[in-house]
Amino acid sequence: MTYQENPSCEVTVIHEDVVQRVQQTMPPEEDLFDLAEFFKVFGDTTRIRILYALAQSEMCVCDLAYLLGLTQSAISHQLRVLKQAKLVRFRREGRVIYYALDDDHVKSIFDQAYEHIQERN
């Protein structure tokens, strides 16, 4: 019988040792949920554009809005999401607030993902 005729397994577990080994290393369900939520933040083009810009340089809302052709309100909204996800941090200098990537991990995640999609091209 070919796979197309019967796409389901005829046994419950074929490689029990592999399944048990992987099962022992699986993170708790709540950690996997948090990880999925983390990656959802990357699912918005505007947030990706902001992260790319901040990977190049610390910037204020006005400069980000001008660079990306968006309103300051739209940028502020997306920065709020990015701050809640701990992807960006800010510092105040007088009346101006500057945003930057939170740490090198964020740049690394971004760079690795970008490198991965470039391999497909």
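Every read-out reported here was derived from the displayed coordinates using simple, explicitly stated rules and does not represent laboratory data. Just so it is clear, the structure is predicted and the values come from calculations on it, not from any experiment. Ideal geometry is used to build each Cβ from the backbone, glycine not excepted, and the neighbour counts take in all protein chains shown.
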Can you give me the distance in nm between label points at His77 and Arg21, each placed 7 Å from the Cα along the Cα-to-Cβ direction? 4.9
To the nearest whole percent, what portion of all C-alpha pairs in the chain is separated by more than 17 angstrom? 67
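Stretch Thr12-Cys62 to full length: gain in nm at 0.36 nm per residue minus the Cα-Cα span?
Values: separation 50, 0.36 × 50 = 18.00 nm, distance 5.80 nm.
Gain in length upon complete extension: 12.2 nm.
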Using the alpha-carbon centroid of each, what span in Å lies between region 16-39 and region 72-121? 27
Can you compute 3J(HN,Hα) from phi for each residue in region 49-55, using the Karplus curve 6.51 cos²θ - 1.76 cosθ + 1.60 with θ = phi - 60°, rounded to whole Hz and x for Gly and Pro? 5, 5, 4, 4, 4, 6, 5
Calculated from DSSP H runs of 4 or more alone, at -39500 (n - 2.57) each and per residue, what is the 222 nm mean residue ellipticity of the chain, nearest 500? -18500 deg cm²/dmol
Convert each backbone phi in region 17-22 into a coupling constant with the Karplus relation 6.51 cos²θ - 1.76 cosθ + 1.60 (shift: θ = phi - 60°), then list the ³J(HN,Hα) values in order as whole Hz, x for Gly and Pro. 4, 5, 4, 5, 4, 5
When the chain is treated as a Gaussian network with springs between alpha carbons less than 10 Å apart, the largest mean-square fluctuation among Val13, Val96, Val41 is found at Val13
